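Each reported figure results from applying straightforward, stated rules to the coordinates on display, with no laboratory input. Fair warning: this is a prediction, and the values are worked out from it, not measured in the lab. In this analysis, Cβ positions are derived from the backbone assuming ideal geometry, glycine residues included, and neighbour counts consider all displayed protein chains.
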Amino acid sequence: KLLSTALFVYLLMGHRQSKMQIVALLMLVVGATMLGGEAKRGADARSTNRFWQGVIPLVVASMLSGLGGALAQQALVTRNSFVYSLELAVYSASTFVLMLCFLPQGVSGDRDRILSEGLLVGWDHTTVVPVVVQAAGA
């Protein structure tokens, strides 16, 4: 994600990375590759499925996340961060309400549970305290 964010920040905003930042990004890629482990050398159908159903969606999601980060950074250059955060909250809440209203029953277990048991079912002090502290900005 960091690599794609750096790429999109450069493409959208023209901000170049310093040599030290480029070295750090390359070290990050090498470390992630090493931690990912060595792939098995078999070219069977299972490894092909793993590539198309695992690796490709992961790379696309990472690139989209990096694009989102770069677009957010670009938006915050010219806009008030409070207003931007408020807009994101309104869009998120709207999407949530639309999901509750229009998603068919059985498609999402979360939707069905929220409608049958309530939104905050299962919350206790171990859930509420971190949420309140985070919302307070601490």
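Local charge sum around Phe8 (other residues, Cβ-Cβ under 15 Å, Lys/Arg +1, Asp/Glu -1)?
It works out to a net charge of +2.
Close amide H pairs (under 5 Å, H built 1.01 Å from N) link Leu103 with no residue at least 5 positions away or on another chain. Annotation note: trypsin sites (Lys or Arg not before Pro) in segment 61-114 located in DSSP loop regions with a Cβ neighbour count of at most 12 within 10 Å are Arg79. Across the chain, C-alpha contacts under 8 Å between residues 6 or more apart give a mean separation that, scaled by the residue count, equals a relative contact order of 32 percent. Per the Debye formula on identical point scatterers at the alpha carbon atoms of the chain, with no solvent, log10 I(q)/I(0) at q = 0.09, 0.13, 0.16 Å⁻¹ is -0.52, -1.01, -1.18.
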